[in-house]
Amino acid sequence: MKKINAIAAITGTVLVGLGVAMAVTNPGPESYHDYASQRLMEYAQENACDRLPIAKGSCVAAIGSVQSDIEDIIRRNTQRQNFVLWSVYKTDLSLPLPLIPAYQFETVGAFQSFYTYEYKKQ
């Protein structure tokens, strides 16, 4: 019986420690905005620049120059559900750019990291 109590106490301590670690490292909205805008910039540079009839370097520079605008669009179109241990971010993204269609993204944030688990082209 003492062995079972010891195992239960250790398991409980580990679970509480994990919960505290998750709560402390639950990334906030600003971290998500940085993550989402960076991912979108990478997507645009890899996909849109190859389709435009301009030099790739010029295209990459042009996309880089609108990064703050992209962050603002993401900020205005994202809803966060905070579950204390993790957060779920839902972003409806529609940019006024001809080569980037509208998308809806769902991303989970935990342990200072993000994982986009669903995206739908609209």
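Miscellaneous remarks
- DSSP H segments from the chain that extend 27 Å or more along their own axis, Cα-based, with Kyte-Doolittle mean of 0.5 or above: 2-24
- Comparing mean-square fluctuations of Asp92, Asp72, Asp34 from a GNM of the chain with C-alpha springs under 10 Å, the top value falls on Asp72.
- Each of Gly64, Phe83, Leu40 was scored by the projection of its Cα onto the charge dipole of the chain, and the greatest displacement toward the positive side belongs to Phe83; charges sit on the C-beta of Lys, Arg, Asp and Glu.
- Relative contact order (%) - the chain, alpha-carbon pairs under 8 angstrom, separation at least six: 25 percent
- Of all the options Ile74, Ile63, Ile54, the one that moves most in a Gaussian network model of the chain with Cα springs shorter than 10 angstrom is Ile54.
- Result for the chain in a Gaussian network model with C-alpha springs under 10 Å: among Pro53, Pro101, Pro27, the largest mean-square fluctuation is at Pro53.
- Heavy-atom accessible area order for Thr116, Thr91, largest first, 1.4 Å probe: Thr116, Thr91
- Taking 15 Å as the straight-line reach from the Cα of Lys121, the aspartates and glutamates in range (excluding those fewer than 8 positions away in the same chain) are Asp92, Glu106.
- For the chain, the residue among Thr25, Ile10, Pro53 whose Cα projects farthest onto the positive side of the dipole built from Cβ charges is Ile10.
- Across the chain, the longest piece that holds none of the chymotrypsin sites (Phe, Trp or Tyr not before Pro) lying in DSSP loops with up to 14 other C-beta atoms within 10 Å covers 1-82.
The values are calculated or read from the model by the stated rules, or taken from the named source; none is laboratory data. Remember, predicted model here, so these are calculated numbers, not experimental data. Because the Cβ atoms are built from the backbone with ideal geometry, glycine has one as well, and the counts that use them run over all protein chains shown. The area values use the complete protein model at the heavy-atom level, side chains included, leaving out ligands, DNA and RNA. Shrake-Rupley method; radii C 1.70, N 1.55, O 1.52, S 1.80 Å.
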